[in-house]
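Data block below; observations after.
The values are calculated or read from the model by the stated rules, or taken from the named source; none is laboratory data. Everything numeric here is computed off the predicted structure, so don't read it as measured data. Virtual Cβ from ideal backbone geometry, glycine too; neighbours counted across all protein chains shown. Note: accessible area is taken over every heavy atom of the protein model, side chains too, but ligands, DNA and RNA are not part of it. Shrake-Rupley method; radii C 1.70, N 1.55, O 1.52, S 1.80 Å.
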Amino acid sequence: MKSVVKAQQAEDSAETGAQQIRDAIREAIVERRLSPGTKLSESDVGNLFNVSRTLARAALQALSYEGLVSVEKNRGAFVAYPSPDEARQIFAARRLVEPGILREAAARITPGDITQLRQLLLEEGRLMSERGQTARRAEIKASGDFHLMLAEISGNAIMQRFMEELVARSSLVIALYGQSTASSCGHSEHGDIIAAIENDDLDRACQLMLHHIAHIEADLDLRERKSLGLKEAFEL
């Protein structure tokens, strides 16, 4: 009996360890500290987090299921490099999902939740006025956290997990195809959405959310690029 308990405890510990690594790497992708195409070898990940290659492999495999990591035979794992078509699908999914999350969140939201959302906006605004990579990364995270907090308020754990994936994959897309240095997520638009929720104007809140997502996507250059040969590339 004791051996069964110990085996179960070891399995639970391994699962927790893999999840912590997965969450840490996902956060680095969201903050754009890890760029698309970055190699993630099992040995490097294992050494970084002081775990076995088996645990590192489990974490990378979990991230591949989320579309954040690409595992290639005989080459290893890399931060995913979404195509323009994938990028469009990600934002199409957000347009379908986020108005529904917003309505669910509005039905459950408390004054305390509103206060938390506004505090998040204050922090986002403060970071926007600061310079440097550290502040920029923190701003990007705060921006994504607004959407994740709405999913949490909705009370739907499945949707919350789905939004974590969508926000992370959106960050990859913005890192690849974003054209401006402006925030990846309009700060003033977040405030407008909160104001509409407070006024019980859910139709307007949903319209603002759709406009907001379209605004983010509009900053992307998703034009297909024809691949050139070596000679053609240097004749430009």
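Might you check whether a residue that is among the β-branched types (V, I, T) and modelled with pLDDT of 95 or more occurs anywhere in segment 196-211?
For segment 196-211, residues among the β-branched types (V, I, T) and modelled with pLDDT of 95 or more: present.
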Could you give me the residue pairs with C-beta distances under 8 Å whose first residue belongs to segment 166-180 and is closer than 11 Å to E217 by Cα, whose second residue is of a type outside the set (A, V, I, L, M, F, W, C) and in a helix (DSSP H, G or I) wherever it lies, and which are 6+ apart or on separate chains?
S170/R94; S170/G144; V173/E86; Y177/P84
Could you list, in sequence order, all residues of segment 126-147 that are open to solvent by less than 50 Å² (accessible area, probe 1.4 Å) and modelled with pLDDT of 80 or more?
S143, G144, D145, F146, H147
Single residue of A106, A92 found to be aliphatic (A, V, I, L, M) and crowded, with 16+ Cβ neighbours inside 10 Å:
A106
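Could you tell me how many of the residues in segment 38-59 are open to solvent by less than 40 Å² (accessible area, probe 1.4 Å) and more than 13 Å from G17 (Cβ to Cβ)?
Pass one, segment 38-59, residues open to solvent by less than 40 Å² (accessible area, probe 1.4 Å): 40-41, 45-46, 55-56, 59.
Now drop any that are not more than 13 Å from G17 (Cβ to Cβ), which leaves 40-41.
Residues that pass the stated criteria total 2.
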Taking only segment 72-118 into account, find how many residues are aromatic (F, W, Y) and free of Cβ contacts under 8 Å to residues at least 60 places away in the same chain.
1
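When you check E27 against the structure, is it surrounded by 14 or more Cβ atoms within 10 Å (Cβ to Cβ), modelled with pLDDT of 95 or more and acidic (D, E), yes or no? Full working, then the answer.
Values: surrounded by 14 or more Cβ atoms within 10 Å (Cβ to Cβ): yes; modelled with pLDDT of 95 or more: no; acidic (D, E): yes.
Considered against the rule, which asks whether it is surrounded by 14 or more Cβ atoms within 10 Å (Cβ to Cβ), modelled with pLDDT of 95 or more and acidic (D, E), E27 comes out as no.
Which residue, of P111, P84, is touching a Leu at 6+ places or on another chain (Cβ under 6 Å), open to solvent by 10 Å² or more (accessible area, probe 1.4 Å), of a type outside the set (S, T, Y) and over 17 Å from I21 (Cβ atoms)?
On inspection, the qualifying residue turns out to be P84.
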